[in-house]
Amino acid sequence: MGRGPETSPLFLKRLAVGELQANCYIVADEASSEAMVLDPGGDGERILKIIEENSFRIISIVLTHIHPDHVGAAQLVAGESGASLFMHSEDAFLLRNSSMSFSLRETEEKIDPSGLKTLGDKDKVWVGRFSFLVLHTPGHTPGSISIYGEGRVFTGDTLFAGGVGRCDLPGGDWQKLKDSIQDRLLRLPLETVVHPGHGPDTMLEKELRSNPFIHELGIKR
(Lines give C-alpha, C1' and ligand atoms only; values in the text may rest on other atoms or scores of the structure.)
Protein backbone atom coordinates (compact mmCIF):
# COMPACT_ATOMS: atom_id res chain seq x y z
CA MET A 1 0.00 0.00 0.00
CA GLY A 2 1.48 3.34 -0.97
CA ARG A 3 0.20 6.83 -1.60
CA GLY A 4 -3.45 7.70 -1.58
CA PRO A 5 -5.46 8.87 -4.59
CA GLU A 6 -4.45 12.04 -6.42
CA THR A 7 -7.19 13.97 -4.61
CA SER A 8 -5.51 13.17 -1.30
CA PRO A 9 -1.71 13.33 -1.79
CA LEU A 10 -0.64 12.10 1.62
CA PHE A 11 1.74 9.26 2.39
CA LEU A 12 -0.10 6.19 3.65
CA LYS A 13 1.47 2.87 4.56
CA ARG A 14 -0.29 -0.14 6.05
CA LEU A 15 1.60 -2.77 8.01
CA ALA A 16 0.15 -6.02 9.35
CA VAL A 17 1.88 -6.33 12.73
CA GLY A 18 2.06 -8.68 15.68
CA GLU A 19 0.83 -12.21 16.14
CA LEU A 20 -2.75 -11.30 15.19
CA GLN A 21 -1.67 -9.26 12.14
CA ALA A 22 -3.45 -6.09 13.18
CA ASN A 23 -3.21 -3.22 10.75
CA CYS A 24 -0.90 -0.38 11.74
CA TYR A 25 -1.03 2.73 9.57
CA ILE A 26 1.61 5.37 9.01
CA VAL A 27 0.06 8.60 7.73
CA ALA A 28 2.35 11.48 6.82
CA ASP A 29 2.52 14.85 5.14
CA GLU A 30 5.68 14.66 3.08
CA ALA A 31 5.86 18.44 2.75
CA SER A 32 6.35 18.86 6.50
CA SER A 33 7.66 15.33 7.24
CA GLU A 34 5.13 15.07 10.07
CA ALA A 35 3.66 11.63 10.64
CA MET A 36 0.93 9.95 12.66
CA VAL A 37 1.09 6.28 13.59
CA LEU A 38 -2.23 4.53 14.10
CA ASP A 39 -2.39 1.34 16.19
CA PRO A 40 1.23 0.19 16.51
CA GLY A 41 0.21 -3.24 17.74
CA GLY A 42 3.60 -4.90 17.35
CA ASP A 43 6.84 -4.91 15.37
CA GLY A 44 7.88 -1.55 16.73
CA GLU A 45 11.35 -1.64 15.20
CA ARG A 46 9.84 -2.28 11.78
CA ILE A 47 7.56 0.75 12.18
CA LEU A 48 10.44 2.95 13.27
CA LYS A 49 12.57 1.77 10.34
CA ILE A 50 9.96 3.00 7.86
CA ILE A 51 9.79 6.31 9.68
CA GLU A 52 13.57 6.63 9.49
CA GLU A 53 13.79 5.57 5.83
CA ASN A 54 11.35 8.33 4.88
CA SER A 55 12.86 10.95 7.21
CA PHE A 56 9.52 11.42 8.95
CA ARG A 57 8.95 12.82 12.42
CA ILE A 58 6.18 11.16 14.44
CA ILE A 59 4.05 13.82 16.11
CA SER A 60 1.23 11.60 17.34
CA ILE A 61 0.47 7.95 18.02
CA VAL A 62 -3.27 7.34 17.96
CA LEU A 63 -4.79 4.17 19.42
CA THR A 64 -8.25 3.26 18.16
CA HIS A 65 -8.84 1.10 21.25
CA ILE A 66 -7.05 -0.60 24.13
CA HIS A 67 -6.73 -4.22 22.98
CA PRO A 68 -3.17 -5.59 23.06
CA ASP A 69 -2.99 -6.42 19.34
CA HIS A 70 -3.39 -2.69 18.63
CA VAL A 71 -1.17 -1.22 21.34
CA GLY A 72 1.65 -3.75 21.76
CA ALA A 73 4.42 -1.54 20.37
CA ALA A 74 2.91 1.81 21.34
CA GLN A 75 5.20 2.42 24.31
CA LEU A 76 8.29 1.48 22.29
CA VAL A 77 7.39 3.77 19.39
CA ALA A 78 6.51 6.59 21.78
CA GLY A 79 9.74 6.19 23.72
CA GLU A 80 11.93 6.15 20.62
CA SER A 81 10.15 9.01 18.85
CA GLY A 82 9.14 11.23 21.75
CA ALA A 83 5.62 11.42 20.26
CA SER A 84 2.49 11.66 22.40
CA LEU A 85 0.12 8.73 22.81
CA PHE A 86 -3.57 9.47 22.22
CA MET A 87 -6.64 7.38 23.10
CA HIS A 88 -10.30 8.07 23.78
CA SER A 89 -10.93 9.01 27.39
CA GLU A 90 -13.21 6.01 28.08
CA ASP A 91 -10.58 3.46 27.09
CA ALA A 92 -7.88 5.45 28.85
CA PHE A 93 -10.01 5.31 32.01
CA LEU A 94 -10.27 1.53 31.72
CA LEU A 95 -6.55 1.24 31.21
CA ARG A 96 -5.86 3.27 34.34
CA ASN A 97 -8.54 1.74 36.55
CA SER A 98 -9.30 -1.80 35.44
CA SER A 99 -7.82 -5.25 35.91
CA MET A 100 -8.90 -6.14 32.38
CA SER A 101 -6.40 -8.28 30.51
CA PHE A 102 -3.81 -6.25 28.67
CA SER A 103 -1.29 -9.04 28.50
CA LEU A 104 1.49 -8.48 26.00
CA ARG A 105 4.42 -10.60 24.95
CA GLU A 106 7.44 -10.34 27.22
CA THR A 107 9.26 -8.37 24.53
CA GLU A 108 6.57 -5.66 24.50
CA GLU A 109 6.15 -2.83 26.96
CA LYS A 110 2.87 -2.09 28.66
CA ILE A 111 1.53 1.41 28.16
CA ASP A 112 2.32 3.84 30.93
CA PRO A 113 -1.12 5.36 31.68
CA SER A 114 0.47 8.53 33.03
CA GLY A 115 1.79 9.34 29.56
CA LEU A 116 -1.55 9.10 27.79
CA LYS A 117 -3.39 12.06 26.30
CA THR A 118 -7.12 11.71 25.68
CA LEU A 119 -9.24 12.39 22.64
CA GLY A 120 -12.96 13.09 22.53
CA ASP A 121 -15.64 12.93 19.87
CA LYS A 122 -15.15 15.53 17.11
CA ASP A 123 -11.63 16.41 18.22
CA LYS A 124 -9.21 16.94 15.36
CA VAL A 125 -5.80 15.40 14.81
CA TRP A 126 -3.46 17.25 12.48
CA VAL A 127 -0.68 15.73 10.39
CA GLY A 128 1.02 18.65 8.74
CA ARG A 129 -1.60 20.23 6.49
CA PHE A 130 -3.98 17.27 6.78
CA SER A 131 -6.81 17.27 9.32
CA PHE A 132 -8.53 14.15 10.67
CA LEU A 133 -11.74 14.07 12.69
CA VAL A 134 -12.14 11.81 15.72
CA LEU A 135 -15.41 9.87 15.76
CA HIS A 136 -16.35 8.07 18.96
CA THR A 137 -17.56 4.67 17.75
CA PRO A 138 -18.06 2.52 20.88
CA GLY A 139 -19.23 -1.08 20.86
CA HIS A 140 -16.08 -3.13 20.41
CA THR A 141 -14.76 -1.26 23.44
CA PRO A 142 -16.29 1.69 25.31
CA GLY A 143 -13.71 4.10 23.93
CA SER A 144 -13.27 2.81 20.39
CA ILE A 145 -12.69 5.60 17.90
CA SER A 146 -12.55 5.98 14.14
CA ILE A 147 -10.41 8.61 12.42
CA TYR A 148 -11.90 10.33 9.37
CA GLY A 149 -10.30 12.61 6.83
CA GLU A 150 -9.07 12.95 3.26
CA GLY A 151 -11.79 10.63 1.96
CA ARG A 152 -10.77 7.85 4.34
CA VAL A 153 -11.85 6.45 7.67
CA PHE A 154 -9.67 4.31 9.91
CA THR A 155 -12.17 2.15 11.78
CA GLY A 156 -10.07 0.07 14.16
CA ASP A 157 -12.11 -3.02 15.08
CA THR A 158 -15.51 -1.40 14.56
CA LEU A 159 -15.99 -2.24 10.88
CA PHE A 160 -14.14 -4.61 8.55
CA ALA A 161 -14.47 -5.72 4.96
CA GLY A 162 -17.37 -8.16 5.27
CA GLY A 163 -17.49 -8.01 9.06
CA VAL A 164 -17.93 -5.99 12.22
CA GLY A 165 -16.14 -5.93 15.56
CA ARG A 166 -16.79 -8.57 18.19
CA CYS A 167 -18.57 -7.47 21.35
CA ASP A 168 -18.09 -10.48 23.63
CA LEU A 169 -14.99 -9.08 25.33
CA PRO A 170 -15.14 -6.90 28.48
CA GLY A 171 -16.75 -3.56 27.66
CA GLY A 172 -18.31 -4.77 24.41
CA ASP A 173 -21.87 -3.78 23.54
CA TRP A 174 -23.75 -4.87 20.41
CA GLN A 175 -26.30 -2.06 20.54
CA LYS A 176 -23.57 0.56 20.79
CA LEU A 177 -21.69 -1.06 17.92
CA LYS A 178 -24.82 -1.01 15.78
CA ASP A 179 -25.43 2.65 16.63
CA SER A 180 -21.81 3.53 15.89
CA ILE A 181 -21.93 1.99 12.43
CA GLN A 182 -25.39 3.30 11.57
CA ASP A 183 -25.24 6.77 13.11
CA ARG A 184 -21.55 7.62 12.74
CA LEU A 185 -19.79 5.66 10.02
CA LEU A 186 -22.65 5.38 7.55
CA ARG A 187 -23.31 9.12 7.85
CA LEU A 188 -20.03 9.64 6.02
CA PRO A 189 -19.98 9.81 2.20
CA LEU A 190 -20.49 6.33 0.79
CA GLU A 191 -17.39 6.69 -1.40
CA THR A 192 -15.26 6.89 1.75
CA VAL A 193 -12.42 4.35 1.78
CA VAL A 194 -12.41 2.18 4.92
CA HIS A 195 -9.06 1.23 6.46
CA PRO A 196 -9.94 -1.39 9.11
CA GLY A 197 -7.96 -2.75 12.04
CA HIS A 198 -7.59 -6.15 10.36
CA GLY A 199 -7.82 -7.31 6.77
CA PRO A 200 -8.11 -5.45 3.47
CA ASP A 201 -9.45 -2.03 2.69
CA THR A 202 -13.03 -1.59 1.57
CA MET A 203 -15.56 1.18 0.93
CA LEU A 204 -18.61 2.22 2.92
CA GLU A 205 -20.85 1.77 -0.10
CA LYS A 206 -19.70 -1.83 -0.54
CA GLU A 207 -20.21 -2.65 3.14
CA LEU A 208 -23.68 -1.13 3.19
CA ARG A 209 -24.59 -3.21 0.16
CA SER A 210 -23.00 -6.56 0.95
CA ASN A 211 -21.74 -6.85 4.54
CA PRO A 212 -23.82 -9.72 6.04
CA PHE A 213 -23.39 -8.50 9.61
CA ILE A 214 -24.70 -5.06 8.73
CA HIS A 215 -27.76 -6.72 7.22
CA GLU A 216 -28.14 -9.07 10.20
CA LEU A 217 -28.03 -6.13 12.63
CA GLY A 218 -30.67 -4.31 10.60
CA ILE A 219 -28.35 -1.35 9.99
CA LYS A 220 -29.58 1.14 7.41
CA ARG A 221 -28.29 4.44 6.17
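Filtering region 37-64 to residues that are closer than 13 Å to ARG14 by Cβ and part of a strand (DSSP E or B) leaves VAL37, LEU38. For region 14-30, what are the residues that are touching a strand residue (DSSP E or B) at 6+ places or on another chain (Cβ under 8 Å) and crowded, with 19+ Cβ neighbours inside 10 Å? Selection gives LEU15, VAL17, ALA22, ASN23, CYS24, TYR25, ILE26, VAL27, ALA28, ASP29. Listed by position, the strands (runs of 3 or more DSSP E) contained in region 103-221 that have at least 1 residues being surrounded by 14 or more Cβ atoms within 10 Å (Cβ to Cβ) and among the basic types (Lys, Arg) are 152-156. Of the numbered criteria (1) on the phi > 0 side of the Ramachandran plot; (2) among the hydroxyl-bearing types (Ser, Thr, Tyr); (3) touching a residue at least 60 places away in the same chain (Cβ under 8 Å), the one TYR25 fails is (1).
Among the listed residues GLY149, GLY162, which satisfies the condition of being within 26 Å of ILE61 (Cβ to Cβ) and of a type in the set (Gly, Ala, Ser)?
On the way: GLY162 fails: within 26 Å of ILE61 (Cβ to Cβ).
Of the residues listed, the single one that is within 26 Å of ILE61 (Cβ to Cβ) and of a type in the set (Gly, Ala, Ser) is GLY149.
Being of a type in the set (Asp, Glu) and over 10 Å from the mean Cα position of the chain (by Cα) is the filter here, so list the residues in region 143-158 that pass it. Walk me through how you get there before you give the answer.
Just the residues of region 143-158 that are of a type in the set (Asp, Glu), to begin with: 150, 157.
Within region 143-158, just GLU150 meets the criteria.
Has region 101-108 got at least one residue that is closer than 30 Å to SER55 by Cα and at pLDDT 80 or above? Within region 101-108, not a single residue is closer than 30 Å to SER55 by Cα and at pLDDT 80 or above.
Tallying residues that are surrounded by fewer than 24 Cβ atoms within 10 Å (Cβ to Cβ) and in contact with a Lys or Arg (Cβ under 9 Å, 6 or more places away or on another chain) within region 31-59 yields 7. Restricting GLY197, GLY171 to residues that are in contact with a Pro (Cβ under 9 Å, 6 or more places away or on another chain) and in contact (Cβ under 8 Å) with a residue 60 or more places away in the chain narrows the list to GLY171. Picking from residues in region 31-51 that are of a type in the set (D, E, K, R) and without any contact (Cβ under 8 Å) to a residue 60 or more places away in the chain, the one that is farthest from GLU109 (Cα to Cα) is LYS49.
The values are calculated or read from the model by the stated rules, or taken from the named source; none is laboratory data. No experiment lies behind these values; they were computed from the predicted model shown. Positions of Cβ are generated from backbone atoms using ideal geometry, with glycine treated the same way; all protein chains shown enter the neighbour counts.
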